[in-house]
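What follows is calculated from the coordinates using simple rules that are stated; it is not laboratory data. Keep in mind that this is a model prediction, so the values were computed, not measured. Glycine gets a Cβ as well: all are built from the backbone with ideal geometry, and neighbour counts include every protein chain shown.
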Amino acid sequence: MIPTESTNKNRIKNRIRTAAGLAILSISVFLSGCGSSTMVQTETEASDGLISVAFSEVGAESDWRVANSESMRTTFTTENGYEFYFEDAKGKQENQITTLRNYILQGVDYIVLDPVIETGWDEVLEEAKDAGIPVIVVDRMIDVEDEDLYTAWVGSDFQKEGETAMEWLEDYLEEQGRADDEIKILHVVGTLGATSQIGRTAGLEDGVAAHENWEIIAQVQGEYTQAKTYEVVSELLKETQDIDVIYCENDNSALGAIQALDEAGISYGADKDVIIISFDATAVGLEACMEGSINLDVECNPLHGPLVEEIILQLEAGETPEKLAYVEETYFTPDMLTEELIESRGY
Ligand code: GYE
């Protein structure tokens, strides 16, 4: 969005309001108990010249999410010229809407939103637009009537991630001489309605549709967490253990599935009974992949902080950032991994 004269005026007004409003916001941030890493600002600390960036994060459901929050925190530091506000929505869109309204009321300079799900954002984003506050969306996308309700989005091509997994599976089965076998897939679904879930699910479903001998035998709701996945996969294994592939929509789900398989005494991973496919490529996932428990881990980059900063700096310079920016990603199999490589990734 190119700031118009009126949005500029609004933002100047907002900046003036920001200093006064910070103390109130600080208290609400403090009271909501978001943990030690939330920046708590006092009135005396509030200073002009800093750019206020207010982030509404999905939650802390996975290792990926923790790395994503950390990337924002380490980018938007006071030393770098920012006042950073952070709220964890605990996986609930209604919490995010409340947080956004607080940020608007405080007149922050930029809102960064990682939306739990895609729909239901029109009204609150209209309010941000009316207040002249640019909204940058990260990771998951939003589905809004008016694309001008957000300034830019940065994240992953989740459907492509799913397609990468399917291409790998086809090659792997071929190598194993199983290309013509019946392949039964258990699908562990992520948070329903999140872009990452929608894209990865579409990639899987397209892959299955393209192979007559592949079949999704069940879909269970893992909600991107180890605990939930462990629970639903354990239940499923009581009904059937005739499974060739478990398609887990993130690393923590893969760990939950592995826990359930261990308990049921079913072998999995490289050259074993059940093929495990995962997404994210966080340290926990890659460690499991390196030791052969996960056959494939498709990368999803959570380091959005520097990318969001680039967008903000462009806006500050009066430039127009790309509306949609996709991050580059790869995938990992056990033979590609070393301890050094995992450590060097930093999450
Ligand atoms: O894969 C999962 C997280 O939206 C890409 O959300 C993100 C997903 C990520 O909880 O681990």
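Would you mind checking the tilt of helix 5-31 against the longest principal axis of the Cα atoms of the chain, expressed as 0 to 90 degrees and rounded to 10?
For 5-31 against the chain, the angle is about 70 degrees.
Using a Gaussian network model of the chain whose springs link C-alpha atoms within less than 10 Å, name the residue from HIS211, HIS304, HIS187 with the highest mean-square fluctuation.
So, out of HIS211, HIS304, HIS187, the one fluctuating most is HIS211.
Rounded to the nearest 5, what is the percent of antiparallel bridges among the DSSP beta bridges in the chain?
Counting only bridges with both partners in the chain, antiparallel ones make up about 5 percent.
Say each of ASP171 and ASN213 gets a label point 7 Å from the Cα, pointing the same way as Cα to Cβ; how far apart are those two points in nm?
2.0 nm
Could you give the length gained on full extension between LEU105 and GLU339, defined as 0.36 nm per residue of separation minus the Cα-Cα distance, in nm? Don't jump to the answer; show the numbers that get you there.
Details: separation 234, 0.36 × 234 = 84.24 nm, distance 4.69 nm.
Difference between extended and current length: 79.6 nm.
Stretch GLU291-GLU182 to full length: gain in nm at 0.36 nm per residue minus the Cα-Cα span?
36.5 nm
Neighbouring Cβ atoms within 10 Å as the yardstick, rank CYS300, CYS248 fewest first.
Details: CYS300 24, CYS248 31.
Fewest-to-most ranking of CYS300, CYS248: CYS300, CYS248.
How big is region 226-339 by the Kirkwood estimate over distinct Cα pairs, in Å?
15.7 Å
In region 140-243, if every C-alpha pair distance is counted and binned at 10 Å from zero, what percent goes to each bin?
For region 140-243, the pair-distance distribution reads 13, 36, 34, 12, 5, 0.
Report the label-to-label distance for ALA227 and VAL327 in nanometres (one decimal), using points 7 Å from each Cα along the Cα→Cβ vector.
About 2.6 nm, to one decimal.
Picking from GLY155, GLY222, GLY91, which is most flexible by a Gaussian network model of the chain using Cα springs under 10 Å?
Most flexible of the set in this elastic network: GLY91.
Neighbouring Cβ atoms within 10 Å as the yardstick, rank TRP214, TRP64, TRP168 fewest first.
Going from least to most buried by this count: TRP168, TRP214, TRP64.
May I ask for the angle, rounded to the nearest 10°, between helix 226-239 and the longest principal axis of the chain, with both axes built from Cα atoms and the value confined to 0 to 90°?
30 degrees
Give the percent of DSSP beta bridges with both residues in region 208-301 that are antiparallel, rounded to the nearest 5. It would help to have the intermediate numbers written out before the result.
Values: 0 of 8 bridges.
Of those bridges, close to 0 percent are antiparallel.
Which one, LEU315, THR282, CYS300, is farthest towards the positive end of the dipole of region 260-324 when Lys and Arg carry +1 and Asp and Glu -1 on their Cβ?
Result: CYS300, furthest along the dipole toward the positive end.
May I ask for log10 I(q)/I(0) of region 76-160 at q = 0.15, 0.21 Å⁻¹, from a Debye sum over the Cα atoms as equal point scatterers with solvent left out?
The Debye formula, applied to the Cα set alone, gives -0.54, -1.05.
Which whole number in µm²/s is D for region 165-218 by Stokes-Einstein, with the Kirkwood Rh taken over Cα pairs at 20 °C and 1.002 mPa s? Could you put the intermediate results ahead of the total?
Working: Rh = 11.8 Å.
Calculated translational D: 181 µm²/s.
Can you give the percent of C-alpha pairs in region 116-176 whose distance is more than 20 Å?
Roughly 44 percent, rounded to a whole number.
Quick one: work out Rg over Rh on the C-alpha atoms of region 146-190, Rh as Kirkwood radius.
On the way: Rg = 17.0 Å, Rh = 13.6 Å.
Rg/Rh: 1.25.
If I build a Gaussian network model for the chain, linking alpha-carbon pairs within less than 10 angstrom, which residue out of GLN226, GLN96, GLN241 has the largest mean-square fluctuation?
Evaluated over the chain, the most mobile residue of the options is GLN241.
Mind checking the angle between helix 305-316 and the chain's longest principal axis? C-alpha axes, 0 to 90 degrees, to the nearest 10.
30 degrees
Over all alpha-carbon pairs of the chain, lay out the pair-distance distribution in 20 Å bins, whole %, shortest bin first.
P(r) over the chain, rounded to whole percents: 30, 50, 19, 1.
With the cut-off at 26 Å, tell me which of the pairs LYS90/LYS272; LYS129/LYS228; LYS90/LYS238; LYS228/LYS323; LYS184/LYS272 have Cα atoms farther apart than that.
Listed pairs above 26 Å: LYS90/LYS272; LYS129/LYS228; LYS90/LYS238; LYS228/LYS323.
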